[in-house]
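The values are calculated or read from the model by the stated rules, or taken from the named source; none is laboratory data. Source: prediction; values computed, not measured. Positions of Cβ are generated from backbone atoms using ideal geometry, with glycine treated the same way; all protein chains shown enter the neighbour counts. For accessibility, only protein heavy atoms count, side chains too; no ligands or nucleic acids. Shrake-Rupley method; radii C 1.70, N 1.55, O 1.52, S 1.80 Å.
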Amino acid sequence: MTVSGRFVALLALGVIPIVLLGREAAPAYAALGGWVLLCLLLGAVDLAIAGSPRRVRIERSIPGRVRLGAEATAELVITNTGRRTIRGTLRDAWEPSAGAAPSRHRMVLPSGERRRFAVTLKPWRRGERRVAQITVRAWGPLRLWARQATLSAPGRIRVLPPFSSRKHLPSRLARLRELDGTTSVLLRGQGSEFDSLREYVRGDDVRSIDWRATARRHDPTGGSGARVMVRTWRPERDRRVVIVVDTARTSAARIADEPRIDTAFESSLLLAALATRAGDRIDFLAYDRVVRGRVHGANGPELLSRMVDAMSAIDPALIEMDWSAVPAQVGAMTSQRSLVVLLTSLDAPGASRGLLSVLPQLTRKHLVVVASVIDPDTLTATRERGDRSAVYRAAAAERSLLDLARVTAAVRRLGGDVVTGSPEDLPPALADRYLALKAAGRL
């Protein structure tokens, strides 16, 4: 049960006799007591007439998934199974991070009828956003007292990563088509396969001549019909790309108001979308000391669907990354030479010791690229030296950049490659590095 402000105001009117007749006047107190009893009686009658909030049937209709930052509409259908009309308010108790609006609805629900209420959801956190219950408040005709009940009405919606970096996909796909269709090369390199035969032109490398094809095209009469044929090559398809996302404590740091892990997810999705269009096979692993998410053996549209589903429920774990287990995890997914992309943070050499210790095991068999997000404010701080505090910040920023340069050099000495960038720049930079490896015939 709950009371309204109207009932409180009605009770407050009882002080008028005391003000008019004086504090010592017995009739004033008698009038006050009678007024209070009258108000209580009116409230009890009002409560008795009110409909029962427990005599309702609840049905929910919620979309299964929504991208972070997008809107979805959830519907709530309330049916009055009681004998009295329910006049009051309904509160749908979604988690705050679900961004539900409006959360309260006014309703007049006669007996035996139903009403449909729409709630717009605009979540601002990934993962499962849940609702467990609703609260129904039914007022009497005088709106003095109300019956209130909290009823179980579970529901949930899965919030997927936003994949904002997909805006870079069309331009990279255009470059991929150019690479696949027009940039065949004469010299065969690692990670390339036969494309076609064409006639020799002056300037072609003689090592690319296909003598068997030339013999088949040879004119036995010795006339001008003889043609020398050369082979062309193109980047090989059906290669393996293994994406490993570090979900340990360093991935929880916010860079440019975005967690590192979210930037890693954006980079992974853009690279996976590009690589699967190139005909490569993608495996995804989110790991710290245990496997937080894995996608293996998926292709085409199913790949991105499974990846965003796996990513939606992953949050950073406040533990240290176990790099020693990463080579075994990669080996469990593929035994052939692959492109292994490690999305992690490159900090001071001491903090990166675990990563550096396992790189030789990976580079011995795979092509390894380490991708890390850097804070754009660090670069800005190196240029601001207006006062003493700014000078100290600039010195700290320069120290941070020097540490990053040392770790980057160590990674390259161990046979890996490094891609860095701000949260906005890292996804397209990683995609560009993938295309460059394709064009060079290394993948």
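Some values worked out for this structure:
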quantity: From the options Leu356, Leu402, Leu346, residue that is in contact (Cβ under 8 Å) with a residue 40 or more places away in the chain and farther than 22 Å from Asp262 by Cα; calculated: Leu356
quantity: Selection count where residues are modelled with pLDDT of 90 or more and either out of contact with any Gly (no Cβ under 7 Å at 6 or more places or on another chain) or over 19 Å from Val326 (Cβ atoms) (or both), scope region 347-359; calculated: 6
quantity: Candidates Arg442, Arg433, filtered to the one that is part of a loop (DSSP other than H, G, I, E, B), under 20 Å from Thr276 (Cβ atoms) and open to solvent by 30 Å² or more (accessible area, probe 1.4 Å); calculated: Arg442
quantity: Residue list for region 412-430, restricted to those being assigned to a loop (DSSP other than H, G, I, E, B) and within 25 Å of Lys167 (Cα to Cα); calculated: Ser422, Pro423, Glu424, Asp425
quantity: Members of region 395-413 found to be more than 19 Å from Asp377 (Cα to Cα) and surrounded by fewer than 18 Cβ atoms within 10 Å (Cβ to Cβ), listed by number; calculated: Arg406, Ala409, Arg412, Arg413
quantity: Residue satisfying condition, being modelled with pLDDT under 85 and open to solvent by less than 60 Å² (accessible area, probe 1.4 Å), within set Gly51, Gly43, Gly14; calculated: Gly14
quantity: Residue in region 379-388 that is open to solvent by 50 Å² or more (accessible area, probe 1.4 Å), touching a Leu at 6+ places or on another chain (Cβ under 6 Å) and outside any helix (DSSP H, G or I) present; calculated: no
quantity: Residue that is modelled with the lowest pLDDT [pool: residues in region 185-239 that are of a type in the set (Val, Ile, Thr) and open to solvent by less than 40 Å² (accessible area, probe 1.4 Å)]; calculated: Thr232
quantity: Any hit, region 287-296, residues being in contact (Cβ under 8 Å) with a residue 40 or more places away in the chain, out of contact with any Pro (no Cβ under 8 Å at 6 or more places or on another chain) and among the hydrophobic types (A, V, I, L, M, F, W, C); calculated: no
quantity: Residue in region 247-259 that is under 13 Å from Tyr434 (Cα atoms) and out of contact with any Gly (no Cβ under 6 Å at 6 or more places or on another chain) present; calculated: no
quantity: Segments classed as strands (runs of 3 or more DSSP E), wholly inside region 240-350, with at least 3 members that are more than 23 Å from Gly415 (Cβ to Cβ) and open to solvent by 40 Å² or more (accessible area, probe 1.4 Å); calculated: 291-295
quantity: Check on Ala174, loosely packed, with under 15 Cβ neighbours inside 10 Å, among the hydrophobic types (A, V, I, L, M, F, W, C) and outside any strand (DSSP E or B); calculated: yes
quantity: Selection count where residues are in contact (Cβ under 8 Å) with a residue 12 or more places away in the chain and either over 30 Å from Arg129 (Cβ atoms) or among the small types (Gly, Ala, Ser) (or both), scope region 37-74; calculated: 18
quantity: Ala298 out of contact with any helix residue (DSSP H, G or I) (no Cβ under 8 Å at 6 or more places or on another chain) and of a type in the set (Gly, Ala, Ser); calculated: no
